[in-house]
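Enquirer: Below is the structure I would like to discuss, written out as structure tokens.
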Amino acid sequence: MRIIPAVPRLTDTTLKTLALAGLAFSGAAGLAHGAVQTPENLEKIARPFFSEHCTKCHGEKKQKGDLRVDNLAIDFDSPKTMGHWEEIMNRINSGDMPPDDVDKRPKAEDIARVSEWIAGQLREADSARQSSSGEKVAFRKLTREEYANSVRDLLGVTFDVADPTGLPEDPDWHGIQRIGSVLTLSPAHVEKYLAAADAVLTEALRPGGQPKRELIHWSPFDIRGHWKGAEKDLQARGMADKVRVDLVPNNGALDDKTLDIKTPGEYLVRVKLSGLRPADGPAPRLRLYAADISRTIFEGDVEAPEDKPVTLEFRTHLPAGSHPIHIVNSVPGPNPEARRSRSTGTPNVFTGLNARVPWQMKFTDDDGKPILSFLLVDSIEWDGPIVDSYPTAAHQQIFFKGDGATQDSQYVGEIVKRFAERAWRRPVTAEEVDRYVKLAEKTQKLGDDFETAVKTALSAVLCSKSFLYIEEGRATAPAPTLTDWELASRLSYFLWSSMPDPHLLDLARNGTLHEKDTLRAEVRRMLADPKAAEFATAFPRQWLQLRRVGMFPPDKVLYPEYDDNLERSMVAETVDFFGDVLKRNASLREFLDSDWTMLNERLAKHYGIEGVRGDEFRRVSLKPEDHRGGLLTQGAVLSLTSDGTRHRPVHRGVWVLESIVGKPPPPPPANVPALTTPSADAPKTTVRQKLEAHRADANCAACHRRIDPLGIAFDNYDAIGRWRTVEAVHSGKGEDPKLDPSGELYDGRKFDDAKGLKKILLDDTDRFATAFTEKLATYALRRGTTFSDRSDLKSVVERAKANDYQLASLIEGFVTSDLFQKR
């Protein structure tokens with residue numbers, strides 16, 4: 001199901017009035033071209049260019065290719081018209097038009113100016129297609145994470161949406177994965193929603209009775225199946241209880257064990273083990289990975305002496321089935337266990353560091369100190385499923401009259417009504433309830449018992465559009481603003497990525513939620529709730545496009561130290577950084593530059609920062625010599641704008657324009673040649689020098705003049721975000737060249753390095769705040785912002801400025817704005 005709402009076209013008179021009122025936002029001076037992205041600039045930018053270079057062949061008297069440009073207008077409602085504009089942009093941007101045989105070629109800066117203006121109109125049209133203001137009812141599908149959170153809050157069960165049997169990954173629109181017209185519904189979705197509804201209701205209600213809780217114990221002989229032959233001999237010698245599983249660094253999946261789960265649910269996992277680390281090496285890191293469901297069950301550093309093992313205890317949700325479990329010591333580096341399998345009369349088991357025979361691999365030096373980061377595992381236990389009470393809390397809530405109740409249609413109707421109102425986040429009608437009651441009655445006639453029939457009806461409730469979609473508007477009574485029920489859902493899915501709680505629904509029922517003071521109080525309450533971690537994680541991931549981290553895995557030869565742990569740590573730094581700013585209600589300025597960041601030991605070592613030990617992230621003060629601060633010099637951002645072999649200044653510059661400035665450049669021409677690689681006899685050159693040669697093409701120079709400086713400023717950081725002063729070049733002669741991160745913006749402002757550029761960005765905080773607020777609105781409203789939204793957005797930004805752009809206060813101001821309550 002794909003819903004692309006129509007948007008009423010703003011007349012030129014209306015647009016002009018808004019612009020004269022100061023409601024048209026201009027681009028960031030010096031960071032993007034200053035053209036106002038509004039159709040009235042058609043007369044200032046496009047028409048003069050067309051008149052001089054295009055109308056001779058595409059005007060009133062002649063229309064080559066059936067294209068006339070002298071009367072071409074901006075029309076967001078017409079895909080054909082906007083398609084003409086896109087074709088014009090591509091042709092002039094690539095140099096195909098005007099043709100080479102014309103007397104006067106346009107200047108590169110004029111081409112760039114027109115291309116950027118057209119690109120702005122195309123983005124505006126694209127955003128308009130995401131809007132719902134022209135539809136009586138808007139339907140915006142829940143993301144798969146929102147589905148899982150809603151099921152959790154509704155039924156108290158976990159649904160593993162990311163497992164292969166879960167739900168498909170959600171597509172994004174400019175990084176945001178919540179856009180209503182982009183989240184489609186396919187037959188594959190329908191099948192998975194049906195299966196999901198049955199699975200979550202079965203687990204929530206436990207219709208087969210209370211499941212038997214079982215303990216699955218894995219000894220070292222169970223984990224290493226090939227040791228089984230030695231178990232009886234070691235028992236006879238009184239040594240079986242001394243046997244431990246030794247896991248060397250990067251042991252891969254050599255120690256697989258199949259876990260058979262009969263009943264899905266929550267399981268308590270206990271791992272008893274020791275972990276020894278070398279004096280100058282990393283801590284050993286346990287990873288339990290279920291291969292069939294592609295899920296890491298646990299991962300974390302472990303430090304414990306050989307004679308004082310610790311017991312790790314955690315809960316995880318496991319589906320029914322046979323799960324191959326990889327038990328890994330995920331410390332990066334080569335696997336050093338080549339001599340483990342040497343033949344000997346002694347059973348090849350580990351019983352202690354002092355029991356090693358001469359040919360076996362050494363874990364310690366002569367003084368008994370570890371020389372490898374290794375784990376010694378004593379046992380793993382899987383305990384569950386854990387059912388806190390039976391009947392379950394969900395069962396008691398749904399079958400609220402208890403076991404002795406009369407099992408008639410009236411009771412089914414009451415059950416359905418109570419459940420549907422919670423699931424659908426609104427009151428339900430008698431006609432709606434009646435449909436599901438009839439379904440239950442039909443299944444009973446076919447032989448189902450009462451509870452099974454009710455479960456079938458509730459499963460249909462969970463597969464209805466009112467649960468799977470956020471509905472806004474009524475066909476019978478169109479309204480420009482949301483009802484309190486709709487407002488409750490919009491607010492809840494914005495800040496919690498889940499359904500409204502009873503308190504929010506009570507406010508909606510009372511008709512007071514829309515009141516400004518009530519909304520302010522609710523925003524503060526909701527941001528203080530643990531569920532706000534969903535927003536603090538999801539929004540920065542989508543705003544900054546962190547899903548692209550690791551999309552091009554760094555070359556293992558060039559970057560052997562890069563591993564999954566480092567990659568996850570990079571993303572965690574950025575997400576936790578955002579969360580800290582939100583929790584403290586600090587200024588947006590800290591996203592541009594700061595004297596602190598969030599680090600764990602793995603990432604601190606990568607950055608060369610001393611004094612951070614352990615796997616947990618914590619706030620760390622920075623020194624100037626650390627060359628960090630703010631988002632722009634964090635490893636996640638620097639690596640997502642690189643490829644697997646080298647940093648890419650152009651990609652970094654485009655990312656800054658998209659995510660920080662909010663003014664993406666026009667797309668590049670087709671068939672842009674790659675940067676040249678010098679011959680083996682030529683002197684080594686930096687990427688910057690290659691880009692300068694690339695900009696010799698006049699068609700490329702103007703756009704690159706805006707993009708490249710924003711990326712070159714970060715040349716001191718390599719493809720995985722490490723600081724360096726010279727660039728490692730693998731082709732050419734001579735020493736690796738020194739880096740020059742200085743640059744000049746389009747408006748003439750100069751900087752020496754990333755620190756200087758961050759100072760310029762701080763000077764332009766107003767523009768950054770505008771770009772940030774537009775992204776926030778896109779995320780919250782689940783659609784692109786349009787020109788008609790800009791008056792409201794400007795008001796939100798101006799109010800935030802009075803509080804020095806404090807993040808939580810900005811969110812509060814946005815929620816209480818008219819824009820948030822508009823359909």
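The values are calculated or read from the model by the stated rules, or taken from the named source; none is laboratory data. None of the values given here were measured: they were computed from a predicted structure. Note: ideal-geometry Cβ built from the backbone for every residue, glycine included; neighbour counts use all protein chains shown. Surface accessibility is based on the protein's heavy atoms, side chains included, excluding ligands, DNA and RNA. Shrake-Rupley method; radii C 1.70, N 1.55, O 1.52, S 1.80 Å.
Enquirer: Going through ASP241, ASP222, ASP233 one at a time, which residue ends up being more than 29 Å from LEU462 (Cβ to Cβ), acidic (Asp, Glu) and touching a residue at least 40 places away in the same chain (Cβ under 8 Å)?
Expert: ASP233
Enquirer: Next up: Return the total of residues in region 453-502 being open to solvent by less than 30 Å² (accessible area, probe 1.4 Å) and touching a strand residue (DSSP E or B) at 6+ places or on another chain (Cβ under 9 Å).
Expert: 11
Enquirer: Here's another thing I want to ask about it. From (1) within 25 Å of GLN444 (Cα to Cα); (2) touching a Gly at 6+ places or on another chain (Cβ under 7 Å), pick out the condition that doesn't hold for PRO391.
Expert: Failing condition for PRO391: (2).
Enquirer: Is there any pair with a first residue in region 313-338 that is hydroxyl-bearing (Ser, Thr, Tyr) and a second that is open to solvent by 30 Å² or more (accessible area, probe 1.4 Å) and not in a loop (DSSP other than H, G, I, E, B) whose Cβ atoms are under 8 Å apart and which are 6 or more apart or on different chains, and what are they?
Expert: Note: pairs meeting the criteria are THR316/GLU266; THR316/PHE298; SER322/THR258; SER322/ASP260; SER330/ARG287; SER330/GLU299; SER330/ASP564.
Enquirer: Here's something else I'd like to know. Tell me whether region 706-720 contains one or more residues that are in contact (Cβ under 8 Å) with a residue 24 or more places away in the chain and open to solvent by 30 Å² or more (accessible area, probe 1.4 Å).
Expert: For region 706-720, residues in contact (Cβ under 8 Å) with a residue 24 or more places away in the chain and open to solvent by 30 Å² or more (accessible area, probe 1.4 Å): absent.
Enquirer: How do the strands (runs of 3 or more DSSP E) wholly within region 170-283 filter down when requiring 3 or more residues that are among the charged types (D, E, K, R): which remain?
Expert: 256-261, 265-276
Enquirer: How many residues are of a type in the set (Asp, Glu), over 26 Å from the mean Cα position of the chain (by Cα) and modelled with pLDDT of 70 or more when one looks only at region 651-702?
Expert: 2
Enquirer: I'd like to check something: does region 551-564 contain any residue that is open to solvent by 20 Å² or more (accessible area, probe 1.4 Å) and part of a helix (DSSP H, G or I)?
Expert: yes
Enquirer: If you scan region 83-125, which residues turn out to be at pLDDT 70 or above and either closer than 30 Å to GLU472 by Cα or acidic (Asp, Glu) (or both)?
Expert: Matches in region 83-125: GLU86, GLU87, GLU109, ASP110, GLU116, GLY120, GLN121, LEU122, ARG123, GLU124, ALA125.
Enquirer: Being surrounded by fewer than 15 Cβ atoms within 10 Å (Cβ to Cβ) and over 18 Å from SER294 (Cα atoms), is that true of even one residue in region 149-170?
Expert: no
Enquirer: Assess whether ALA420 counts as being in contact with a Leu (Cβ under 7 Å, 6 or more places away or on another chain) and of a type outside the set (S, T, N, Q).
Expert: No, not satisfied.
Enquirer: Separate question: Please give the number of the condition VAL571 fails out of (1) part of a helix (DSSP H, G or I); (2) touching a Lys or Arg at 6+ places or on another chain (Cβ under 8 Å); (3) surrounded by fewer than 21 Cβ atoms within 10 Å (Cβ to Cβ).
Expert: Of (1) part of a helix (DSSP H, G or I); (2) touching a Lys or Arg at 6+ places or on another chain (Cβ under 8 Å); (3) surrounded by fewer than 21 Cβ atoms within 10 Å (Cβ to Cβ), only one is false for VAL571: (3).
Enquirer: Exactly one of (1) part of a helix (DSSP H, G or I); (2) open to solvent by 10 Å² or more (accessible area, probe 1.4 Å); (3) of a type in the set (A, V, I, L, M) is unmet by ALA532. Its number?
Expert: Against the list (1) part of a helix (DSSP H, G or I); (2) open to solvent by 10 Å² or more (accessible area, probe 1.4 Å); (3) of a type in the set (A, V, I, L, M), ALA532 comes up short only on (2).
Enquirer: Moving on to the next point. Kindly list the number of the only condition in (1) under 27 Å from SER594 (Cα atoms); (2) surrounded by fewer than 22 Cβ atoms within 10 Å (Cβ to Cβ) that fails for PRO741.
Expert: So the condition that PRO741 fails would be (2).
Enquirer: Let me ask another. Here is a list: GLU124, GLU214, GLU191, GLU145. Which entry is surrounded by fewer than 16 Cβ atoms within 10 Å (Cβ to Cβ) and more than 30 Å from SER379 (Cβ to Cβ)?
Expert: After applying the criteria, what remains is GLU191.
Enquirer: From the list PRO187, PRO211, which one is without any contact (Cβ under 8 Å) to a residue 24 or more places away in the chain and more than 30 Å from THR785 (Cβ to Cβ)?
Expert: PRO187
Enquirer: Can you name every residue in region 309-324 that is open to solvent by 40 Å² or more (accessible area, probe 1.4 Å) and either touching a helix residue (DSSP H, G or I) at 6+ places or on another chain (Cβ under 6 Å) or small (Gly, Ala, Ser) (or both)?
Expert: ALA320, SER322 - these are the residues of region 309-324 that are open to solvent by 40 Å² or more (accessible area, probe 1.4 Å) and either touching a helix residue (DSSP H, G or I) at 6+ places or on another chain (Cβ under 6 Å) or small (Gly, Ala, Ser) (or both).
Enquirer: Oh, and also: State all residues of region 438-459 that are closer than 21 Å to ARG418 by Cα and either acidic (Asp, Glu) or in contact (Cβ under 8 Å) with a residue 60 or more places away in the chain (or both); if no residue qualifies, say none.
Expert: Matches in region 438-459: GLU441, ASP449, GLU451, THR452, LYS455, LEU458, SER459.
Enquirer: For region 284-301, give me the residue count where each residue is closer than 17 Å to SER322 by Cα and not in a loop (DSSP other than H, G, I, E, B).
Expert: The total comes to 6.
Enquirer: Return the residues of region 253-286 that are surrounded by fewer than 18 Cβ atoms within 10 Å (Cβ to Cβ), touching a strand residue (DSSP E or B) at 6+ places or on another chain (Cβ under 9 Å) and of a type in the set (D, E, K, R); say none if nothing qualifies.
Expert: Across region 253-286, the qualifying residues are ASP256, LYS257, ASP260, LYS262, GLU266, ARG270, LYS272.
Enquirer: For residues that are surrounded by 13 or more Cβ atoms within 10 Å (Cβ to Cβ) and either modelled with pLDDT of 70 or more or of a type in the set (D, E, K, R) (or both), scanning just region 65-77, find the one that is farthest from ARG91 (Cα to Cα).
Expert: ASP77
Enquirer: Tell me, which residue of region 634-650 that is assigned to a loop (DSSP other than H, G, I, E, B) and modelled with pLDDT of 85 or more is surrounded by the most Cβ atoms within 10 Å (Cβ to Cβ)?
Expert: The residue in question is THR641.
Enquirer: Restricting attention to region 171-184, report how many residues are surrounded by 19 or more Cβ atoms within 10 Å (Cβ to Cβ) and without any contact (Cβ under 8 Å) to a residue 60 or more places away in the chain.
Expert: Adding up the residues that qualify gives 2.
Enquirer: Could you tell me which numbered condition LEU546 fails, if it satisfies all but one of (1) open to solvent by 10 Å² or more (accessible area, probe 1.4 Å); (2) more than 22 Å from ALA423 (Cα to Cα); (3) of a type in the set (A, V, I, L, M)?
Expert: With respect to (1) open to solvent by 10 Å² or more (accessible area, probe 1.4 Å); (2) more than 22 Å from ALA423 (Cα to Cα); (3) of a type in the set (A, V, I, L, M), LEU546 is out only on (1).
Enquirer: Turning to a different aspect of this structure: Suppose the filter is polar (S, T, N, Q), assigned to a helix (DSSP H, G or I) and more than 28 Å from ARG602 (Cα to Cα); does SER492 pass it?
Expert: yes
Enquirer: Can you tell me which residue in region 797-811 is surrounded by the most Cβ atoms within 10 Å (Cβ to Cβ), limited to those that are out of contact with any Gly (no Cβ under 9 Å at 6 or more places or on another chain) and part of a loop (DSSP other than H, G, I, E, B)?
Expert: TYR805
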